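FYI, it's all coordinate maths here, none of it is from the lab. Note that the structure is a prediction, hence the values are computed from the model and not measured. Glycine gets a Cβ as well: all are built from the backbone with ideal geometry, and neighbour counts include every protein chain shown.
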Amino acid sequence: MATIDDVRHELASLADPDRAEGVGRYLQMVPGGYGEGDRAIGVSVPEQRRVAGRYWRELSVAETAVLLTSGVHEERLTSLLILVRKFAKGGEAERGEIFNIVLANTGRINNWDLVDSSAPYIVGLWLIDKDRSVLDRLAESSLVWDRRIAIMATLAFIKAGDFHWTFRLSDRLLRDPHDLVQKAVGWMLREVGNRDRAAEEEFLARRYRAMPRVMLRYAIEKFEPPRRREYLSGLV
């Protein structure tokens, strides 16, 4: 039976110091960066997905949660990729356990790739048919990763044709000071627009002038160039 040590050893065998240096810069694992204090070993995401695919059946949820406490970025991401697979295949009790593990470890889900690989596929899917008030709490958190988790979780609702919580949390996060939250809000609004352009534009109409520029640019990225210019010029 495989253990998390097997996962660690396999990831270590795939490590690439040159890639690690690039990942460290890309994810701002530098003094003053949002990823400061983290450590990359340089394993590509496709390789991590293959590792997760080999081990997700053999590792228990509890073991996988231990891997999420690692100081190595790729080990935490691989842990989340395993949890996503287990969540997709698990029963209600196991899915609830995985959801609770994620919420208990948001301080370790501490970069945008970790959030985006897990929040829609665990937090959002769990809340599809449940009380979603936890998202309000996350959106009010001082931790940027909590706030990004909150808005990214709504991708699951968007895919189900439900835009209410995306708009609700976008309003709450409209003036968020962190660009990683601003980009995520804009991205989710764009996802709404990909399915219902009129709904997105109705939301934007009374808010776009108050939005941070990066949020607006993400939200209107798929609009026709003349329409984008109207929004960026404040002429809508």
Discussion item. Running a GNM on the chain with Cα contacts under 10 Å, which residue among ASP176, ASP146, ASP129 ends up with the highest mean-square fluctuation?
Written reply: ASP129
Worksheet item: Hey, what angle do you get for helix 45-55 against the long axis of the chain, alpha-carbon based, 0 to 90 degrees rounded to 10?
Response: 50
Worksheet entry | Kirkwood hydrodynamic radius over Cα pairs of the chain, then Stokes diffusion coefficient at 4 °C and 1.567 mPa s, in µm²/s | 69
Worksheet item: Treating the beta-carbon of each Lys and Arg as +1 and of each Asp and Glu as -1, no other charges, what is the dipole magnitude of the chain about its Cα centre, to the nearest 20 debye?
Response: 800
Fill in: Kirkwood Rh in Å, taken over all unlike Cα pairs in segment 1-72
13.1
Practice prompt. Just subtract the alpha-carbon distance of GLU36 and ALA93 from 0.36 nm times their residue separation and send over the number in nm, one decimal.
Written response: 17.0 nm
Discussion item. Name the residue from TRP56, ILE41, MET1 whose Cα lies farthest towards the positive end of the charge dipole of segment 1-63, charges +1 on Cβ of Lys and Arg and -1 on Cβ of Asp and Glu.
Written reply: TRP56
Worksheet item: Ranked highest first by average number of other Cβ atoms within 10 Å, how do 86-99, 48-61 line up?
Response: 48-61, 86-99
Worksheet entry | Residues of segment 88-125 with amide N under 14 Å of a point placed 7 Å along Cα→Cβ from HIS164 | none
Worksheet entry | Cut-off under 5 Å, modelled amide H: who pairs with ARG39 long-range | HIS73
Fill in: From phi via Karplus (6.51, -1.76, 1.60), per-residue ³J(HN,Hα) for segment 69-82 in Hz, x at Gly/Pro
8, 4, x, 9, 4, 5, 5, 5, 5, 4, 4, 5, 5, 5
Worksheet item: Å³ per residue of the Cα convex hull, for segment 128-236?
Response: 83
Discussion item. On a 21 Å Cα-Cα criterion, which of the cross-link pairs LYS86/LYS183; LYS159/LYS183; LYS130/LYS159; LYS89/LYS130 come out too long?
Written reply: LYS86/LYS183
Discussion item. Just want to confirm a number: the relative contact order over segment 128-236, from Cα pairs under 8 angstrom separated by 6+ residues, in percent.
Written reply: 21
Worksheet item: By how many nm would the segment from VAL61 to TYR26 lengthen if fully extended, with 0.36 nm per residue of separation less the alpha-carbon distance?
Response: 9.6 nm
Worksheet item: Could you give the distance between the Cα centres of segment 134-190 and segment 67-122, to the whole Å?
Response: 18
Item to complete: With runs of 4+ DSSP H residues as the only contributors, calculate the mean residue ellipticity of the chain at 222 nm using -39,500 (n - 2.57) per run, divided by the residue total and rounded to the nearest 500.
Response: -18500 deg cm²/dmol
Worksheet entry | Loop-located GluC sites (Glu not before Pro) in segment 147-236, at most 16 other Cβ atoms within 10 Å (DSSP) | GLU221
Worksheet, complete the sentence: Per-residue Cβ contact counts at 10 Å, fewest first, order VAL72, VAL236, VAL7 as VAL236, VAL72, VAL7
Worksheet entry | Farthest toward positive dipole pole in segment 1-107 [+1 Lys/Arg, -1 Asp/Glu at C-beta], among THR106, VAL84, LEU67 | VAL84
